[in-house]
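Novice: Handing you a structure now.
The values are calculated or read from the model by the stated rules, or taken from the named source; none is laboratory data. The shown structure was predicted, so the numbers you read here are calculated from the model rather than taken from an experiment. Here the Cβ positions follow ideal geometry from the backbone for every residue, glycine too, while neighbour counts run over all protein chains shown.
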């Protein structure tokens, strides 16, 4: 092998080593560590790299077997590494049977492990009213005599409790028991907006039947006008005619002068002046020469 061939081989080796250092390995296929193990390994094929990995391969399970002939616990083992696991197998239940002739307690047992479980199984009759004018009903078990109770009313239609209330009432047609409920907000007969107090601007809605106030429909309805602050001032501010309050977050003042007639200035004939009758503020303008 000549010099250039050796140099080329060294360059190729350095390139392969650089690939391994940056994480690009040339890994072999997975292979088992031994014939009695489920651990698999693989390594980098490059001679200067010692990279290797391992993993646990899926077990090769045998069939489930019972621990003993009188047990419902099962086990199985891996055919390769002999790893074992266990579980509770489903029971093989016999049919349900009553414990006593006049009792509703039932039991059953597992034909394999002998486990026992119980339950209540009643045989109730149809519901029967206690009397002609009662809504109390009963059911009786034909086997043990156990009794169940319930109330089954035959309600009439909903009606107003009185002409001045929105409460609803209905009466059972059988036992005459009443049931009363309060109306929903949407079931009231809400009127127009009205002021709640004489000198305030808060408006509400009330039910025209029972007089109840709407729980959420509330608003402020002001009637603003501009008024002078004083008799000698031309600045006006907004005031509500009803509650005397001033508005927020908007322009609330303005200046309104009450000007007199234009008059010739006695000092300067090329200028006219006029004055406000309230605050006496002066205003000037030029006059063209004739």
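Novice: Exactly one condition in (1) more than 39 Å from the chain's Cα centre (by Cα); (2) under 30 Å from residue 104 (Cβ atoms) is not met by residue 230; state its number.
Specialist: Condition (2) is where residue 230 drops out.
Novice: In the set 116, 21, 46, 112, which member is over 30 Å from residue 146 (Cβ atoms), at pLDDT 90 or above and not assigned by TED's automatic domain parsing to the domain that holds residue 144?
Specialist: One residue alone meets the criteria, 112.
Novice: Next up: Restricting to region 206-251, count the residues that are assigned to a loop (DSSP other than H, G, I, E, B) and at negative phi.
Specialist: Of the residues in region 206-251, 22 are assigned to a loop (DSSP other than H, G, I, E, B) and at negative phi.
Novice: With the structure loaded, tell me whether residue 239 is more than 23 Å from residue 277 (Cα to Cα), within 39 Å of the chain's Cα centre (by Cα) and touching a residue at least 12 places away in the same chain (Cβ under 8 Å) or whether it fails that test.
Specialist: In short, no.
Novice: Which numbered condition trips up residue 257, out of (1) within 43 Å of the chain's Cα centre (by Cα); (2) assigned to a loop (DSSP other than H, G, I, E, B)?
Specialist: Condition (1) is where residue 257 drops out.
Novice: To continue, here is another question. Any chance region 33-44 includes a residue that's closer than 30 Å to residue 138 by Cα and surrounded by 12 or more Cβ atoms within 10 Å (Cβ to Cβ)?
Specialist: no
Novice: Before we move on, is residue 205 loosely packed, with under 12 Cβ neighbours inside 10 Å, out of contact with any helix residue (DSSP H, G or I) (no Cβ under 6 Å at 6 or more places or on another chain) and modelled with pLDDT of 90 or more?
Specialist: Taking the combined requirement at face value, the residue does not satisfy it.
Novice: Go through 202, 227, 196, 154 for me and flag whichever is free of Cβ contacts under 8 Å to residues at least 40 places away in the same chain and within 30 Å of residue 257 (Cβ to Cβ).
Specialist: 227
Novice: Pick out, from region 86-196, the strands (runs of 3 or more DSSP E) lying fully within it that include 1 or more residues that are surrounded by 14 or more Cβ atoms within 10 Å (Cβ to Cβ) and out of contact with any helix residue (DSSP H, G or I) (no Cβ under 9 Å at 6 or more places or on another chain).
Specialist: In region 86-196, 105-109, 136-140, 168-171 are the strands (runs of 3 or more DSSP E) which contain 1 or more residues that are surrounded by 14 or more Cβ atoms within 10 Å (Cβ to Cβ) and out of contact with any helix residue (DSSP H, G or I) (no Cβ under 9 Å at 6 or more places or on another chain).
Novice: Please find, among 130, 95, 102, the residue that is in contact with a strand residue (DSSP E or B) (Cβ under 7 Å, 6 or more places away or on another chain) and over 30 Å from residue 176 (Cβ atoms).
Specialist: On inspection, the qualifying residue turns out to be 95.
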